[in-house]
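Visitor: Okay, handing you the structure first.
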Amino acid sequence: MTRQQVDGHAFHDGFAKGRASGQILIDASTVRFTNDSASVALPLSGVKARLGGASDRLVFFEHPDYPDWQLYTADRSVLKNPHFQQHKSLSRQVAGARRLRIFNWSVLGSVVGLIIAVPLLLVLYMDTVTGWIAPTLPAEWEESLGESALAQYKIGQSMIESEAINESLDALVAPLLKHADNDRYEFHVYIANDAELNAFALPGGYIVLNSGLLQRAESADEVLGVLAHEIAHVTEQHGVRQVMARAGLVLTVQALVGDVNGIMAMIAAATPALLSQSYSRGFETAADEHGFALLEEADINPNGLVSFFEKIIEEEQARLEEIEDEDSKAVMENIMPLLSSHPATQERIENMQDMIAGSDGRYLTLEKEFLALQQQVREAVAAMPRDDNDDMEKDDLNEDTERNSGES
């Protein structure tokens, strides 16, 4: 067998600074180090080989008969030297060194893979991750957050409140809220003087119904269907989870291991976003499903939610028809579902209809309570001073409401 020669180094007290560079030669009987000033030959019989240095990139040779010498090389090809196979002890050491190196690289690869995979998985499954974290937030803190957001909303928005209206509102929503009751939330329902066909929920159980929704609704089932949907947003904690999804990796990981202080501070700072955010398609679908289950439990016809969705689609179509420029209309058709806080797609309507198909159809009748509240809201809106800065859309909507009221 031929000799193998590689660049190497040796530690010995006889060298300046205890270390010297030279050549390592491996033959059938020795591992030899040599340079211009010294030479040593370690018999293969008894040589011990091991990996060391950063990332185990160096191969070290030692011999018990030469305790003052330590040879090493960065050329790991020596591990495959056929001379080593002739000595069982050395062969086992070399094989062990190889296995150790493979193991170390495997561990490193796993760590790198986790570093890449964890952020990716958090992004892909963020709804699931926030679903784990949100229930660990204190209920009192969540209620305080919703109360603060509502207070900010009321600064720039007139509300419709009177003892008579509150009594009528309570009479309409009580059968639903009775079944929505849970240990975590106490629900509060308000009416805003806003002509938009909309409603929204805030963390902690605060829900706002627009006067435009109550005026244009055609049944108690429509109003209660919307309310059930908003209650589901609260109980599923979609508001805080939507903001939470924008948290950084560090805050999310901290929350997963039990430290929610950082993520609570981030959500609290983003309170204004709770008033304008749009929910993900997954959250809207979940709110539809949980809202449907609540309506069924309360014996309220879930078809009301379907008809409300149809009203939103009709309104979007009416707005599109007002746009004369075809290019602008095409752009609006694409972005309108994204701008809406409750995108009412045909797919969602079909999903609701599939769920309703299995219903028994025995429902409460709350039309008397609904009509009483609707009339009071119409009178309250008419009695409120009009803002000279109201936009034309609200003027048109109120006129349309008055015409519908006269026809009904």
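The values are calculated or read from the model by the stated rules, or taken from the named source; none is laboratory data. Computed from a predicted model, the values in this text were never measured in an experiment. Neighbour counts run over all protein chains shown; Cβ positions are idealised from the backbone, glycine included.
Visitor: Quick one: in the range 15-29, of everything that is more than 19 Å from SER77 (Cα to Cα) and modelled with pLDDT of 90 or more, which residue is surrounded by the most Cβ atoms within 10 Å (Cβ to Cβ)?
Guide: It comes out as ALA20.
Visitor: Free of Cβ contacts under 8 Å to residues at least 40 places away in the same chain and part of a loop (DSSP other than H, G, I, E, B): is that true of ASP183 in this structure?
Guide: yes
Visitor: Within the set of pairs 6 or more residues apart or between chains, which connect a residue that is under 22 Å from GLN353 (Cα atoms) and assigned to a helix (DSSP H, G or I) inside the range 307-325 to a residue that is modelled with pLDDT under 75 and among the polar types (S, T, N, Q) with Cβ atoms less than 8 Å apart?
Guide: Taking only residues 6 or more apart or on different chains, the pairs are ILE312/SER340; GLU316/SER340.
Visitor: Take the residues in the range 30-66 that are in a loop (DSSP other than H, G, I, E, B) and at pLDDT 90 or above; name whichever of them is surrounded by the most Cβ atoms within 10 Å (Cβ to Cβ).
Guide: HIS63
Visitor: For the range 284-309, enumerate the residues that are more than 22 Å from GLY212 (Cα to Cα) and surrounded by fewer than 21 Cβ atoms within 10 Å (Cβ to Cβ).
Guide: Within the range 284-309, THR285, ALA286, GLU289, HIS290, ALA293, GLU296, GLU297, ALA298, ASP299 qualify.
Visitor: Moving on to the next point. From the set of residues in the range 202-251 that are part of a helix (DSSP H, G or I) and of a type in the set (Ser, Thr, Tyr), which is modelled with the lowest pLDDT?
Guide: THR235
Visitor: Moving to a separate point now. Looking only at the range 333-349, filter to residues that are over 25 Å from the mean Cα position of the chain (by Cα) and surrounded by 11 or more Cβ atoms within 10 Å (Cβ to Cβ); which one of those is modelled with the highest pLDDT?
Guide: Step by step, filter the range 333-349, then rank; the result is ILE349.
Visitor: If I filter the range 175-186 down to residues being surrounded by fewer than 18 Cβ atoms within 10 Å (Cβ to Cβ) and modelled with pLDDT under 90, which single residue comes out as farthest from the chain's Cα centre (by Cα)?
Guide: Per the criteria, the residue is ASP181.
Visitor: In the range 162-176, is there at least one residue being assigned by TED's automatic domain parsing to the domain that holds HIS233, part of a loop (DSSP other than H, G, I, E, B) and either touching a residue at least 40 places away in the same chain (Cβ under 8 Å) or touching a Leu at 6+ places or on another chain (Cβ under 6 Å) (or both)?
Guide: Initially, the range 162-176 is screened for residues assigned by TED's automatic domain parsing to the domain that holds HIS233, giving 162-176.
From what's left, part of a loop (DSSP other than H, G, I, E, B): 162.
When the remaining residues are screened for being either touching a residue at least 40 places away in the same chain (Cβ under 8 Å) or touching a Leu at 6+ places or on another chain (Cβ under 6 Å) (or both), the result is 162.
Within the range 162-176 (the criterion being assigned by TED's automatic domain parsing to the domain that holds HIS233, part of a loop (DSSP other than H, G, I, E, B) and either touching a residue at least 40 places away in the same chain (Cβ under 8 Å) or touching a Leu at 6+ places or on another chain (Cβ under 6 Å) (or both)), the answer is yes, since at least one residue qualifies.
Visitor: Return the residue satisfying two criteria in turn: it lies in the range 187-201 and is part of a strand (DSSP E or B) and not hydrophobic (A, V, I, L, M, F, W, C), and of such residues it is surrounded by the fewest Cβ atoms within 10 Å (Cβ to Cβ).
Guide: Only one residue tops the list, namely HIS188.
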